[in-house]
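Working notes, structure below.
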Amino acid sequence: MPEHVVRLPNGITMPTLGQGTWFMGESSSAKKEEIAALQHGIDLGMTLIDTAEMYASGGAEKVTGEAIAGRRDKIFLVSKVLPGNASRKGTVAALERSLQRLKTDYLDLYLLHWRGSYPLSETFEAMEQLVDAGKIRAYGVSNFDLDDMEEAAQYDNGNICVNQVLYNLASRGIEWDLLPWQKKRNIPVMAYSPLYQTRLLKSSGLKRVAEKLSITPAQLALAWLLHQGTVPIPKSSSLRRVEENRKAWDITLDQSVLDELDAIFPPPDHKMPLDVL
């Protein structure tokens, strides 16, 4: 395990910086590069890998399965069930398909990708069943706003371990209510698209602050998320970028830098709808 870990509500630990796989597995010509990037990240200590049955219709799970072959025990593996599959039986069946593609017999964390028409009580019942069967070590949700989390809390027996949402310097709405609510309950926020799908890297303000610190804009954006106590999962197929992302763990931001970033990317001053991509 990397030294940087967060403890989930059920007691297991999860790395605080990971690798995303959204848009992986879509092209056979990119497969070799994607596997190499994930493996390089693992070698550097980024052993948390996030994927989903939705990504490339299972293609990203297959890429991930090849990347972790022979070292599953070092990996904190996360996947997600589509809401259309999240009935009691459907969740169990979807997990089995994911495990097959990932070539493993368990997940460390299984998330409901977003809210659908099946009752949360039904989905969580299936998740509890999968925990009891040793098929998953923990479960959680994704794209849940505060009202969703409050409703979910009525059904999950206090076992929701993570909420994965869009969060980055350019998308800070969760700081108004969702992030404080989760911090109070020790439910980590996993931040997807932490660089806003590279849009953030075009910010002249971010570039200016990063230059002063002799780091890259990506490292600054990731270090900021780590400072917020969240778990960013940047996706990259470039070995150089993967190395760059890993170094975010070694960066400490002082108050003057945080103030400067607040001036460029103001925190919310009112309740905002949950941002999604």
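The values are calculated or read from the model by the stated rules, or taken from the named source; none is laboratory data. Fair warning: this is a prediction, and the values are worked out from it, not measured in the lab. Because the Cβ atoms are built from the backbone with ideal geometry, glycine has one as well, and the counts that use them run over all protein chains shown.
Run down Lys32, Lys80 and say which single residue is within 27 Å of Tyr196 (Cβ to Cβ) and among the charged types (D, E, K, R).
Working: Lys32 fails: within 27 Å of Tyr196 (Cβ to Cβ).
Residue meeting the stated conditions: Lys80.
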Next on the checklist: Considering only residues that are in a strand (DSSP E or B) and hydroxyl-bearing (Ser, Thr, Tyr), which ones fall in the stretch 65-88?
Outcome noted: Ser79
Item to check | Scan of the stretch 9-30 for residues that are within 17 Å of Thr230 (Cα to Cα) and either touching a His at 6+ places or on another chain (Cβ under 6 Å) or of a type in the set (A, V, I, L, M) (or both), ordered by number | outcome: Ile12, Met14, Thr16, Leu17
Item to check | Condition check for Thr104: in contact with a Leu (Cβ under 7 Å, 6 or more places away or on another chain), free of Cβ contacts under 8 Å to residues at least 40 places away in the same chain and farther than 25 Å from Leu274 by Cα | outcome: yes
Next on the checklist: Go through (1) in contact with a strand residue (DSSP E or B) (Cβ under 6 Å, 6 or more places away or on another chain); (2) modelled with pLDDT under 95 for Leu48 and report which single condition fails.
Outcome noted: (2)
Next on the checklist: For the stretch 224-242, check the following and say yes or no: at least one residue is among the β-branched types (Val, Ile, Thr), in a loop (DSSP other than H, G, I, E, B) and surrounded by fewer than 20 Cβ atoms within 10 Å (Cβ to Cβ).
Outcome noted: no
Next on the checklist: Taking the conditions exactly as written (over 21 Å from Val6 (Cβ atoms), under 17 Å from the mean Cα position of the chain (by Cα) and either modelled with pLDDT of 95 or more or not in a loop (DSSP other than H, G, I, E, B) (or both)), does Ala218 satisfy them or not?
Outcome noted: yes
Checklist outcome for this item: Within the stretch 14-64, the residues that are part of a helix (DSSP H, G or I) and without any contact (Cβ under 8 Å) to a residue 12 or more places away in the chain are Ser28, Ser29, Lys32, Asp43, Ser57
Checklist entry - Which condition does Tyr55 not pass, out of (1) over 20 Å from Ala223 (Cα atoms); (2) crowded, with 23+ Cβ neighbours inside 10 Å; (3) out of contact with any Ser or Thr (no Cβ under 9 Å at 6 or more places or on another chain), if it passes all the others? => result (3)
Checklist entry - Across the stretch 228-258, what is the number of residues that are more than 30 Å from Asp147 (Cα to Cα) and either in contact with a strand residue (DSSP E or B) (Cβ under 7 Å, 6 or more places away or on another chain) or of a type outside the set (Ser, Thr, Tyr) (or both)? => result 17
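In the stretch 243-277, what residues are over 26 Å from Leu48 (Cα atoms), assigned to a helix (DSSP H, G or I) and among the charged types (D, E, K, R)?
Asp259, Glu260, Asp262
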